[in-house]
Amino acid sequence: MRRAFRIDDNTPLMRALDEAGEVVPLVCLSPDARYHVDSPRRTFVRGVLADLDGDLREKDSALHVRMGNP
């Protein structure tokens, strides 16, 4: 899962960031209350998403996180 959230490992995302006028990366998270309970995995995912957002911001984009069905 870690690689899926790294720009350098995601060729289509990297090309879009380099070639498109605007890219809107979006992650949809479940609104289910079970997912609001802290756990090591959720802490890891939050960190990975924060890192991805930072990498995207360096390329003049940002990660959009929404709750609900995609």
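The values are calculated or read from the model by the stated rules, or taken from the named source; none is laboratory data. Since this is a predicted model, take the numbers as computed values, not measurements. Reconstructed Cβ throughout: ideal geometry from the backbone, glycine too, with neighbour counts over all protein chains shown. Remember, those area values only see protein heavy atoms, side chains included, never the ligands or the DNA or RNA. Shrake-Rupley method; radii C 1.70, N 1.55, O 1.52, S 1.80 Å.
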request  = Consider S61 carefully, then state whether it is of a type in the set (S, T, Y) and surrounded by 11 or more Cβ atoms within 10 Å (Cβ to Cβ).
outcome  = yes
request  = Give me a count of the residues in region 21-47 that are open to solvent by 50 Å² or more (accessible area, probe 1.4 Å) and either under 18 Å from K59 (Cα atoms) or more than 17 Å from the chain's Cα centre (by Cα) (or both).
outcome  = 11
task = Residue by residue through region 40-70, note down the ones that are in a loop (DSSP other than H, G, I, E, B), within 16 Å of M14 (Cβ to Cβ) and touching a residue at least 40 places away in the same chain (Cβ under 8 Å).
result = K59, S61
